[in-house]
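Beneath this line is the structure, given in structure tokens, with notes to follow.
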Amino acid sequence: MANVEYWIQIENRPWDVCPHNIDRITGQNLKVREGKDKVDLTLSSPTGHTHKTTMFRPLRKTGDAVDDALILRRYKPPAKADGSDAWTVPDDRKVNPWDLNEPDPGENGTMGTIPGPTIECSVGDSVIVHFRNNDLRAELGTKQVCFDFPVIGEICFPAPVSVPIPIEKRTHSLHPHGFVFAPKFDGAFPLSPPDPDQPIEAAQAAAWSELSVTGLKQGDRVPPGGTFTYQWHTRGWPTTAGVWLYHDHSICDMENTEHGAIGVIVIHNSADTNNEVDIRMPEKDQDATHTALDPAFLPGSSPTGSPVHLVCFPFARDVPADVLPHDLIGLGLEAPTAHSTMGAPMGAAIRALADEPPGRAAVGPPNPARSIRRGDLVFELDPKLVKFHRLCFPQYRQPPAKALYLQVFHTVGDAGMCINGRKYLGNTPTMLAGPQTRMRFGVVGMGSDFHTFHIHGHRWIIPGPHGSDPGTIQGSPLDTPVSQFEDTRTFGPANSFVFTIEEGSGFMRADPFTPGEGETPASPIGEWHMHCHVLMHMDLGMMGSLLIVPAAGAPALTLPVGMPCEMPEMTPPPDTTPTSATVKSTSDCKWRDDFTGTPETTIKVGGTVTWVEAGCNGHTVVSNNVPPFTTLSPPLNLSGLPKSRTFTAVGDFGYHCGIHGGDPVTKDPMYGIVHVVP
């Protein structure tokens with residue numbers, strides 16, 4: 001039993017839901033897919049680090065301005081005894097290290113993840129989360145700027161200025177699912193009571209007082225600059241095991257959650273040998289926070305590593321490898337610190353260069369400064385740039401023996417349907433596994449929509465407790481099947497479920513049976529769709545994949561790309577514009593179209609209008625041949641009604657009674673107009 005500790009800070013910055021600029025289903029880039037231009041931005045970390053990036057689909061406000069996401073970011077515990085260095089050293093980790101598309105979450109990348117840090121513990125543990133609010137969102141306002149001029153005196157005028165948005169909109173909390181806890185640690189506005197053990201420090205008093213909170217902190221309304229420590233427990237109950245979520249539940253919880261303030265909780269149970277997948281270090285090797293991951297189950301032994309790396313081979317001495325002048329076009333690979341526009345898997349391999357350990361010239365990674373990318377290949381030149389030195393290609397790393405794949409199906413800002421803050425295949429998770437990988441999936445829903453979860457070529461069962469009475473259920477591991485074989489499962493907001501697939505077990509995947517004579521053995525190797533099966537959600541980008549590669553890895557070449565479905569041309573509705581109309585005089589001497597009951601008549605060009613006296617007699621029909629009316633030649637000058645006129649030109653033809661008059665502004669008393677359309 002351990003106290004597991006996390007330091008989490010909420011921060012605001014732009015977020016790209018399509019960092020690889022592709023929808024692999026349609027084969028379209030984001031400019032074509034959504035009609036929006038890319039945006040060049042500078043990301044800033046609270047640590048002071050900045051870097052430039054290009055976003056292909058940032059969140060946007062009304063009016064197309066870039067909107068900030070709310071990012072829950074993990075930090076290292078303080079090293080100083082007084083804790084003054086808390087929330088100063090980021091400890092960024094990928095949500096899914098084996099996700100082919102997840103960008104670098106560190107200082108040179110996205111500076112955090114959506115969903116936020118995965119909170120992991122074991123049955124019997126307690127979790128302590130040190131939370132800090134660093135929401136610095138602002139909006140454009142104005143202030144009076146005054147200048148004092150001789151003779152004229154002081155002149156003031158409004159000037160644009162960035163001002164913080166109201167503090168209520170920047171107040172945040174953390175509310176967990178799955179744990180048990182005291183009411184003061186619920187983080188649910190406005191019901192969580194003050195915590196007698198957390199008095200407000202003098203440095204935070206002004207911030208809390210803006211929320212009318214004095215004396216004691218309240219974990220349901222932490223102000224900007226404020227901190228709160230939550231304590232959540234499992235109490236040793238095996239039924240707390242599984243995958244859950246945590247999220248902002250403060251004043252503007254809906255808006256904040258849908259801007260990214262959400263994370264995943266994983267509670268492990270080592271007694272559940274049927275389903276458990278835990279890639280943390282053994283307890284005897286754990287760090288002080290009990291959150292260290294085992295490098296043996298991470299790509300490149302790193303929680304921010306890439307599932308793809310570049311493998312290089314030297315050119316043979318007897319193979320001519322001279323460089324032509326045009327071969328130098330594109331010299332210098334994309335910097336591994338920037339967002340790639342190459343897409344996976346080559347983009348993942350290029351981004352991984354910074355994490356590759358140095359090696360001998362013949363076996364180490366290529367030097368980006370003298371390398372050229374051509375399709376799925378990289379050519380490294382010699383130091384003088386006159387010879388091709390090595391040929392490199394991307395290769396999938398050896399897949400893990402076990403892996404945890406976490407996915408949140410939710411809506412994010414104006415981007416709509418997302419998985420883990422991304423949309424469209426090529427940006428959403430593409431999870432890498434091997435033919436023998438033990439895969440544990442945790443699926444979470446959030447937002448205002450219901451979804452379904454479906455993996456092609458695989459099926460699974462939902463595990464549950466033993467027995468039927470509350471005591472037995474609470475104390476048993478969740479290792480007994482409580483569902484049929486699942487193919488597609490429905491889930492809703494704040495609903496979560498977890499299951500394990502033994503890829504090598506056979507019956508959990510497609511066509512696992514022993515082939516007959518002359519038949520080809522079935523294999524799970526290849527890429528399988530993994531998505532929400534609500535058709536509209538699929539089309540809007542809630543589409544990922546599961547990529548099974550050979551146990552030793554394989555060349556990581558370009559993945560399949562589709563094409564758009566061109567919608568059939570719509571048959572235009574039938575034209576119901578009449579070719580004839582009747583206008584009558586009313587008892588109070590008004591012109592009224594017999595169909596619309598107004599003084600306005602619409603007919604097709606070539607149509608005929610007939611004027612009839614009815615209820616008020618003695619009229620003539622005279623043209624208004626003055627702007628804005630179209631001149632009618634010859635003019636209307638009809639008497640002795642009924643009379644008809646055929647209109648052979650398109651336009652708006654005004655008329656009035658030559659006896660009673662007609663004002664085109666007041667439309668009184670006997671004004672009328674004929675709209676002639678093509």
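The values are calculated or read from the model by the stated rules, or taken from the named source; none is laboratory data. Predicted model, so just to flag it, every value in this text is computed and none were measured. Here the Cβ positions follow ideal geometry from the backbone for every residue, glycine too, while neighbour counts run over all protein chains shown. Ligands, DNA and RNA are stripped out before the accessible areas are found, and what is left, the full protein with its side chains, is counted by its heavy atoms. Shrake-Rupley method; radii C 1.70, N 1.55, O 1.52, S 1.80 Å.
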Cα-based reach from Lys402 at 29 Å (exclusive), listing lysines while leaving out same-chain residues under 8 positions away: Lys76, Lys94, Lys284, Lys423
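Taking a quarter of the surface of the convex hull around the Cα atoms of the chain, what do you get in nm²? Don't skip to the answer; put the middle values down first.
Numbers: hull surface 212.0 nm².
Taking the Cα atoms of the chain, their convex hull projects to 53.0 nm² on average.
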Centre separation in Å (Cα based) which lies between region 244-285 and region 618-667: 76 Å
Solvent-accessible surface ranking, highest first, for Ile473, Ile114 at 1.4 angstrom: Ile473, Ile114
Additional length obtainable on full extension of the chain from Ala138 to Ala81, 0.36 nm per residue less Cα span: 17.1 nm
Pairwise Cα inverse-distance average, inverted: Kirkwood Rh of region 175-314 (Å): 18.2 Å
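Against the globular-protein guess of 2.2 N^0.38 Å, express the Cα radius of gyration of region 171-217 as a ratio, rounded to two decimals. Show your work: numbers first, answer last.
Numbers: Rg = 11.5 Å, N = 47, 2.2 N^0.38 = 9.5 Å.
Cα-based Rg divided by the globular estimate yields 1.21.
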Region 400-474 - Rg (one decimal) and Dmax (whole number), Cα, Å: 15.9, 46
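Relative contact order for the chain using alpha-carbon pairs under 8 Å, separation at least 6, rounded to a whole percent? Working shown, then result.
Details: 1704 pairs, mean separation 82.0, N = 678.
RCO, the chain: 12 percent.
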Surface/4 estimate of mean projected area, convex hull on alpha-carbon atoms of region 1-88, nm²: 9.2 nm²
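Per residue, how many Å² of accessible area does region 532-618 show with a 1.4 Å probe? Walk me through the intermediate numbers first.
Numbers: 5030 Å² over 87 residues.
Per residue, region 532-618 has 58 Å² of solvent-accessible surface.
Using the Kirkwood radius over Cα pairs, work out the Stokes-Einstein diffusion coefficient for region 75-122 at 37 °C and 0.692 mPa s, in µm²/s as a whole number. Each step should come with its number before you reach the end.
Values: Rh = 12.2 Å.
Stokes-Einstein gives a translational diffusion coefficient of 270 µm²/s.
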D (Stokes-Einstein, µm²/s), Kirkwood Cα radius, region 94-152, 0.692 mPa s at 37 °C: 193 µm²/s
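Which percent of the Cα-Cα distances in region 260-330 go past 16 Å? Before the final figure, lay out the partial values.
Numbers: 1812 of 2485 pairs.
Cα-Cα pairs of region 260-330 separated by over 16 Å account for 73 percent.
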Spread of Cα-to-Cα distances over 10 Å intervals beginning at zero, given as percent, for region 127-212: 12, 31, 23, 14, 10, 6, 2, 0
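Over region 1-50, what lengths in whole Å, largest first, do the semi-axes of the equivalent ellipsoid take, defined as the square roots of 5 times the eigenvalues of the alpha-carbon gyration tensor?
Numbers: eigenvalues 229, 67, 11 Å².
The answer is 34, 18, 7 Å, longest axis first.
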Distance in nm between pseudo-label sites at Leu328 and Glu255 (7 Å out along the Cβ direction from Cα): 5.5 nm
Alpha-carbon centroids, region 457-498 and region 2-53: separation in whole Å: 34 Å
Convex hull of region 60-205 built on C-alpha atoms - directionally averaged projected area, nm²: 15.8 nm²
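Please give the length that would be gained between Leu557 and Gln436 if that part of the chain were fully extended, namely 0.36 nm times their separation in residues minus their C-alpha to C-alpha distance (nm, one decimal). Present the calculation step by step, with values, prior to reporting the outcome.
Values: separation 121, 0.36 × 121 = 43.56 nm, distance 2.18 nm.
Net length gain for the segment: 41.4 nm.
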Packing rank of 147-158, 210-221, 74-85, 617-628, where each peptide gets the mean count of other beta carbons within 10 Å, highest leading: 210-221, 617-628, 74-85, 147-158
All-pairs alpha carbon distance profile, region 630-678, 10 Å steps from 0, percent: 23, 54, 23, 0
Thr273 paired with Thr229, simple spin-label distance in nm, labels 7 Å along Cα-to-beta-carbon: 3.9 nm
Partners for Lys384 among aspartates and glutamates (Cα-Cα distance below 13 Å; same-chain residues under 8 apart left out): Asp322
Glu502, Glu120, ranked by accessible area, largest first (probe 1.4 Å): Glu502, Glu120
Simple label model, 7 Å out from Cα along Cβ direction - Ala288 to Thr488, nm: 5.1 nm
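So what's region 231-276 giving for Rg/Rh, alpha carbon basis, Kirkwood Rh from the mean inverse pair distance?
Values: Rg = 14.1 Å, Rh = 12.5 Å.
On the Cα set of region 231-276, Rg over Rh gives 1.13.
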Calculated on alpha-carbon atoms, Rg and Dmax of region 560-656 in Å: 19.8, 79
